[in-house]
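No value in this document is a laboratory result; all are computed from the given coordinates. Please read all numbers here as calculations on a predicted model, not as lab measurements.
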Amino acid sequence: MATSHAGLPGIRDEVGRALADFLARQRAGLGEIGADMLPWLDAITGLLAGGKRLRPAFCYWGWRAAGGRDGPRIHAAAAALELLHASALVHDDVMDGSDTRRGRPSVHRLFAARHAEQGWRGSADSFGAGAAILIGDLLLAWTDELFHASGLPPAALRRGQPVLDAMRAEVICGQYLDLLGQSAGDGTVGSALRVIRYKSAKYTIERPLHLGGALAGRRSGPVAAACTGYGIPLGVAFQLRDDVLGVFGDPARTGKPAGDDLREGKRTVLVAIARDRATAAQRELLDRRLGDRLLDDAGAAEIRSILVGTGALAECELMIESSVAEALGALEDAPMDREAKLALAELAVIATARSD
């Protein structure tokens with residue numbers, strides 16, 4: 001078996017423990033408000049049980065690249081990013097009307113079903129959406145709480161706070177750009193790449209690396225610049241892989257029904273390339289069927305055929321390959337030790353050569 005340099009299983013375990021301890025403390029507080037708050041915690045616990053823990057891993061290796069030493073406090077601080085990510089997922093699912101997340105009912109669907117089962121007054125869907133928005137808000141607030149309870153020195157937390165704040169602001173703006181693109185965007189590759197930069201690339205890789213570096217005392221300088229040179233292209237490759245899996249992935253591995261991204265009308269780079277290269281008839285079909293909530297398997301297969309036939313899928317794969325190469329190139333002369341470079345090189349493969 002090949003040696004793992006990134007230590008992702010160990011990071012996952014440490015982050016999982018930090019999250020479990022934090023949620024156990026929150027259960028007591030929510031229980032004091034009332035037993036009817038505990039289903040919130042159950043939904044959050046279920047959502048946090050899944051996930052690749054990539055953002056905490058990049059935060060950890062940003063810390064190590066900047067000279068930080070291993071220990072439970074950095075894992076707890078990094079675990080806060082899982083709460084931020086969970087908040088974004090809950091809100092994203094409400095906006096997209098997604099039924100599932102990580103193989104489970106999405107949070108708004110869970111609470112809509114609870115409303116319906118109890119026979120409560122009003123609209124079950126409205127209740128579910130309202131509950132999910134509030135749960136997402138709570139997760140956003142808890143991000144700071146766990147971050148500041150990590151045990152890292154106050155000076156380190158002060159250095160890291162602006163990075164965490166920027167990360168939150170950028171992903172919210174990226175989410176809006178995504179929403180805007182689906183409604184009023186020009187459908188170009190450039191527009192899709194702008195969404196990727198803010199909704200995924202900076203948020204998933206660059207900012208977690210910067211956060212780890214800032215916590216270790218290197219908020220700026222050559223290490224931070226190297227993290228940007230690595231993080232942005234790798235973040236683009238990560239999202240391009242996500243877009244491909246959203247259309248061609250195995251639902252048993254992705255945790256979402258096949259074709260969900262097509263039903264949601266996602267204006268991805270994959271779709272933009274296909275529209276550029278499509279015939280008039282193919283473009284008309286894409287424009288008519290993308291975003292069709294009633295799109296069936298046959299309709300999804302038609303769209304996949306266009307994505308393959310126009311060469312859009314092959315072009316996306318080339319973009320992933322070249323972006324990963326650019327990211328790895330940024331590590332070559334980076335002022336960090338060999339261990340950090342090997343770990344980040346391994347994480348580049350894990351983030352992009354995946355099926356879930």
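Computed extension length for residue 356-residue 100: 90.7 nm, one decimal, from 0.36 nm per residue of separation with the Cα-Cα distance subtracted. Backbone amide hydrogens, once placed in the peptide plane, bring residue 104 within less than 5 Å of nothing, excluding anything fewer than 5 places away on its chain.
Whole-Hz Karplus values for segment 152-165 come out as 5, x, x, 5, 5, 5, 5, 5, x, 4, x, 5, 4, 4 Hz, taken residue by residue from phi with 6.51 cos²θ - 1.76 cosθ + 1.60 and θ = phi - 60°; glycine and proline positions read x. Relative to one another, the C-alpha centroids of segment 231-296 and segment 99-163 are positioned 27 Å apart. The phi-based Karplus calculation (6.51 cos²θ - 1.76 cosθ + 1.60; θ = phi - 60°) puts the 3J(HN,Hα) values of segment 263-277 at 5, 7, x, 4, 8, 7, 4, 4, 5, 4, 4, 4, 5, 4, 9 Hz, whole numbers, x for Gly and Pro.
So what's the back-of-envelope 222 nm ellipticity for the chain, counting only DSSP H runs of four-plus at -39500 (n - 2.57) apiece and dividing by all residues, rounded to 500?
Working: 17 runs with 262 residues, N = 356.
Rounded to the nearest 500, the figure is -24000 deg cm²/dmol.
As a length-normalised measure over Cα pairs under 8 Å and 6 or more apart, the relative contact order of the chain settles at 20 percent. Lysine pairs in the chain whose alpha-carbon atoms fall under 21 angstrom of each other, counting only those eight or more residues apart or on distinct chains, come to 9. In segment 168-300, Cα pairs under 8 Å separated by at least six residues give a relative contact order of 23 percent.
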